[in-house]
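Report on the structure given below.
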Amino acid sequence: MKKTLALLLEVILCAALTAPALAADQGYKVLYQSELNFRPWSSYGDFVAGYSSDSESCRILRWTGSGVEETPESYRYAQLESERYAIVNYSRIIDLRTGETVVPQDSYDSVSVNGMYAMGTKDKEEGQEHYLLDLANGGSAVRLPDGARSFGGGRILIREDVNHYYYTNMEGKRVLTLKEGVRPNSYTNGYTAVSVVQDSYLAGYAIMGMDGMYTATFPHPRFVMGSHYPTVYCLDVPASYVSYEGLICIGEQSEDEKTCERYGYADIHGKIVVPCEYGPESHAFRNGYAMVMKWVGQERQCGLIDITGKTIIPMGAYQDLSDVSSSGLLWAKDHNNRLCVLEVPVTGLIDAPYAAYYGEAVRWGMDTGILEGSIYQGGVYGSLFKPNEESYVLAALGCIWNAKGKPAPAVTPELAGDDEYGVNDLRLMIQWSKEQGLTWGDGTDDLMDGVKPITRGQMMFYLWKLAGSPA
């Protein structure tokens, strides 16, 4: 019975072990083409909002896995705000899954990505009485201080006057007051873009952390920050944000300092990751990709790049491209005015961004193969690395074995003839670990002990043994 359980555990572990890591040859697939004349412009999950060219009415479509499902209702305006909610006709919020109106009244500016909160005003014209709605708990409203602008990253941005801003937490308590002349945006992934005004003139731009300290500065007039559609801004806040990948769209101004013709992407430390070579309608990064645009003569061309600047969809292959959704879908309009559904590989980089302290470490681990296989043993699901989840013994040993180049053990263990689930790699790794003295548990080396959370003591023991057990 014990042997049967151990074998079953091996199969379960190795089924996860064989899940694909970062795709070596990134590209895209065409899943669907239709004569439906539709211009996509906002996407989330399986949904896309866009305009029908014949009537200019805004519709929401859904990818069913085999075809496109049209919503029965059209709108004057529809903006997908999360994988579940959309703001329609500039005021009400609908549930994308059911089509039902969730919040029918007032005006709403944004919905959080996870669909937990919505922000709106009782009177759009007056601009008073701002509220934050807790959608997850029945839509109960919390009155916000006057001057509430936007929210993100667990903080609400409040404007006292043109030169003074501060942030509150989601309960409305003040947590960070900014210096005079600092004009910020909403937080994303712990960072936000700000413009700095001195003596009524724009002095420059900066990336600011949750503590109010700058991680990078961009002196005016060389660079202008922008996002989903970058623009040259004078004395107003740049409508920009730091993406979950830790990148921000940045424009390099022309010599006359009046226009921005070239846009690229920088990280939170000010390093240019993607050179400024794209046009002003390029989008911010989302889910590891960005839609970029160039003008070639009188023709507007768009394409798709990844976080390294590598071209995924060549410029000019399609007339229009949406952002990439969390499921790896993007919607396109080809040169025959057909609606297309495309798919790109969604990697495990989404929640291991450049901005995080562990971001480069995760990428290094994936690039070198150290996390290959063992990363999935550690509990990765779909496109998420889940950096804050605890790992366990076999995952740590798998990383060590990979880092050593998957060495063969001195004694070859019993291997499966039909290795459908990749069990043999796990058996080789375990045998090699035992030979190196990298035991786990109470000395019995029961396989069940290998899936217990790894302790700090075990990890130091492993490193010490690998160093030759020095005194």
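Read the figures in this text as sums done on the coordinates, not as results from a lab. Keep in mind that this is a model prediction, so the values were computed, not measured. So basically every Cβ, Gly included, is an ideal-geometry build from the backbone, and we count neighbours across all protein chains shown.
When each of the peptides 28-37, 190-199, 144-153, 408-417 is scored by the mean number of other C-beta atoms lying within 10 Å of its residues, the order from highest to lowest reads 190-199, 144-153, 28-37, 408-417. Restricting things to alpha carbons, find the Rg to Rh ratio for segment 51-91 using the Kirkwood radius for Rh. Result: Rg/Rh = 0.98. Taking 29 Å as the limit for the C-alpha separation, the pairs Lys179/Lys310; Lys406/Lys465; Lys310/Lys333 exceed it in the case of Lys179/Lys310.
The order of the peptides 297-303, 287-293 by mean Cβ neighbours within 10 Å, most packed first, is 287-293, 297-303. Short to long, the 5 Å bins of the Cα pair-distance histogram for segment 250-330 hold 3, 15, 25, 25, 17, 9, 4, 1, 0 percent of all pairs.
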